[in-house]
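One structure is given below, encoded as structure tokens.
What follows is calculated from the coordinates using simple rules that are stated; it is not laboratory data. All of these numbers come straight from a predicted model, not from anything done at the bench. Cβ: placed from backbone, ideal geometry, glycine included. Neighbour counts: every protein chain shown.
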Amino acid sequence: MEKIILVLAALFFAVPVFAVSADDEIKVDQLGYRILDNKYAVIAVDKAEYFRVMRLSDNKEMFTGALANPVRDEDSGDTCFIADFTEFNKEGVYYIEVNREFKSYPFTIGNDIYNKAFYKAARAFYNQRCGTKVSGPDGFTHDACHLNPAVFHPSAGKGLSGTIDASGGWHDAGDYGRYIVNSGLSSATLLYLFERNRTKAAALKMNFPYSGYKFPDLLEEIKYNLDWMLKMQDPNGGVYHKVTPLQFPGFIMPEKDTSKEYVYEVTSCATGDFAAVMAIAARVYAPYDRIFADSCLYASKKAWAFLTSNPGIIPAGGFKNPPDTGTGQYADTSDTDERFWAAVELFNTTGENEYEKFIEINSANDDPMIGKAAWWREVKPAAMISYCYGTQPKKNVELDAKIRLDLKRHADVLMGRIKDSGYKMTMLKDDYIWGSNNILLNYSINLIAAAELCNDKSYLQGAQEALHYIFGRNPFNMSFVTGLGSYYCMNIHHRPSAADGKEEPWPGLLAGGPNAQKSDKILQGMPFDTPPMKCYEDNLQSYASNEVAINWNAPLVYVLGYFSK
Ligand code: G3I
Ligand code: 9MR
Ligand code: ZN
């Protein structure tokens, strides 16, 4: 089935649009493939004999290969032939043709294919800024928003009354709420990229409409959110859970949203996440601003002190919205992983024995030490990896070795899943839940860590397969990132994209992806036997598969940054 996508040839010359046509049967990474890396396309047809790699400029055949032994991909229900053109490594722009009948979208073979995506996905954080006007060369803009003082919600606890300046930070997702828990892993993931890939991360330019700051652009952007997080710490060291209105606003621009905003109670999960992030920030910002770095460490230690004085989860049973509130919860019934993460990062930054002892006691029964992807509710995988990246001389070498051994075993399991899957995926059937694209990318973060910490570069090939899926090699033959690829999601559940009067969605935003839980009416309208990987619709109303969120863009930025040139 051929699909024709109209693409503006050039914005400046009003050149008539030209059409890029493709057949959905052939799925490729619409950004492309690096020169010496694995290169697979997926051909979802019942019968196919051979494929050809054709040069786009003149339709010249550049490579040809046989197609045999298709894989029945259970998670999509597709029969997948794999077109392997790995050995073809001539830079250029191509498309795949099958049986002289079907052809793919164009793609590039080159080592800088991720650079533009890295920039757009990182800049999406700037576009999510709250409390300030955002503008830029891409023409997407909103005025300053949510500047009124917030009031403490009555449920916030005794002694908390009046108003608080809770302005700033990043809008969480398609809504304008700001949530400490989700800010935690999101900010940390970006800080980890900087810490572990400093050269590339520090070289990223984000086109801010202002100058005079003293940090590399990515750190300038992250600091915008850290500054807001620091406002959310109570004098007792605990951290308030979120700042949102009572209910989600309509689909209006942020500056039009005059909803009264409430700050909600201190929670131990938020406090643990906060302590971890601020400890990471303390070491990453130290070379640029010692005073800011020290303030982060002070705040982290204060949060840790609050946690040690309150050993049980706060509130009991974990956060729940009060009856009058319908915004996001980021509800979690366990805070042990957040406490563990705080200890790891405080140890990585200070080397102090108190944290090392906590780490040893609270990992003694973990077996395996790592076997899943990190996500906002389960941060321990990120903590385990961070412990191994840590460089403190008093680190427990046996614990470090045990984590690395289990990380390698986990990576081998992921590589086995890729090998057996038609779409070369690390995902389990049960991973197709709300924000599944984020889980996929966090598996890739684990594979990158295994390559570096277990000294086996073969895992990097596996880590990249997630990017090929995200950018088009999926059942929808569509890029899940706005503004990237020939054909990408257009109707994301994102208030500025829906309210700004433009057809184009705000760029660089990753849609949550297939969600077999079918947690919205659009997904519930799908046939009951829809395979997990197909429980997605590019529909504004499908917030459970087509929203965007900072904790989904963060691992995208991390993996793109790692593989960019
Ligand atoms: O982890 C369990 C899994 O073990 C279980 O098998 C599966 C099926 O029951 O459920 C999994 O938990 C789900 C979790 O997402 C997985 O990510 C929960 O059921 C599901 O309710 C939860 O959804 C969260 C959603 O808010 C609703 O609470 C998403 O994680 C979270 O990303 C999303 O966050 C929203 C904010 O609240 C508001 N801002 C937008 C943002 C993105 O949609
Ligand atoms: O827009 C909201 C989105 O940010 C949340 O992730 C989602 C789930 O909490 O809820 C969305 O808001 C919808 C609400 O849940 C139901 N009424 C329609 C709202 C807008 O789609
Ligand atoms: Zn705002």
Distance between modelled label sites at Lys47 and Glu220, nm, 7 Å Cα→Cβ extension | 6.0
Would you list, by chain and number, the lysines whose Cα falls below 23 Å from the Cα of Lys357, excluding same-chain residues fewer than 8 positions away?
-> Lys301, Lys302, Lys380, Lys394, Lys395, Lys402
Helix-only CD estimate at 222 nm, as mean residue ellipticity for the chain, using -39500 (n - 2.57) per DSSP H run (n ≥ 4) | -11500 deg cm²/dmol
Go through segment 39-45 residue by residue and turn each phi into a ³J(HN,Hα) via Karplus (6.51, -1.76, 1.60, θ = phi - 60°); whole Hz please, and just put x for glycine and proline.
-> 9, 10, 10, 10, 10, 9, 9
Arrange the following residues from fewest to most other Cβ atoms within 10 Å of their Cβ: Val93, Val42.
-> Val93, Val42
Set the Förster distance to 22 Å, then compute FRET efficiency between Ala202 and Lys394 from the Cβ-Cβ distance, nearest 0.05.
-> 0.15
Net lengthening on full extension, Asn59/Ile361 (0.36 nm per residue, minus Cα-Cα) | 102.4 nm
Amide H within-cut-off set for Val263, under 5 Å, with H built and near neighbours excluded = Val151, Phe152, His153
Collect residues whose amide H, placed 1.01 Å from N in the peptide plane, falls under 5 Å from the amide H of Tyr33; neighbours closer than 5 in sequence don't count.
-> Thr108, Ile109, Gly110
Backbone HN-Hα couplings from phi across segment 495-511 [Karplus 6.51/-1.76/1.60, Hz, Gly and Pro as x] | 4, x, 5, 8, 9, 8, x, 9, 6, 5, x, 4, x, x, 9, 8, 6
So what's the Cα pair-distance distribution over the chain, bin width 10 Å, in %?
-> 4, 18, 29, 27, 16, 6, 1, 0
Kyte-Doolittle at least 1.0, axis length at least 24 Å by Cα - qualifying DSSP helices, the chain = 268-285
Based on other C-beta atoms within 10 Å, arrange Asp456, Asp78 from fewest to most.
-> Asp456, Asp78
Whole-Hz couplings from phi, Karplus 6.51/-1.76/1.60, listed for segment 518-533; x for Gly and Pro | 6, 8, 8, 5, 5, 5, 5, x, 7, x, 4, 9, 4, x, x, 6
Rounded, prolate or oblate: which one fits segment 32-75, using the alpha carbon gyration tensor with axes a ≥ b ≥ c (rounded when a/c is under 1.5, else prolate when a/b beats b/c, else oblate)?
-> oblate
Treat the count of other C-beta atoms within 10 Å as a stand-in for reagent exposure and order Ser363, Ser104, Ser183 from fewest to most.
-> Ser363, Ser183, Ser104
In terms of Cα to Cα distance under 19 Å, which lysines are near enough to Lys457, apart from those fewer than 8 places away along the same chain?
-> Lys39, Lys200, Lys408, Lys419, Lys424, Lys565
Rounded if a/c is under 1.5, else prolate if a/b beats b/c, else oblate: with a ≥ b ≥ c from the C-alpha gyration tensor eigenvalues square-rooted, which is segment 288-391?
-> oblate
State the extension gain, in nm to one decimal, for the chain segment bounded by Ala401 and Asn148, taking 0.36 nm per residue of separation less the distance between their alpha-carbons.
-> 86.0 nm
Give the residue from Ile445, Ala342, Phe194 lying farthest towards the positive end of the charge dipole for the chain; charges sit on Cβ (+1 for Lys and Arg, -1 for Asp and Glu) and the dipole is referred to the Cα centre.
-> Phe194
For Gly174, other-chain or 5+-apart residues with amide H closer than 5 Å (H placed, Pro excluded) are Val548
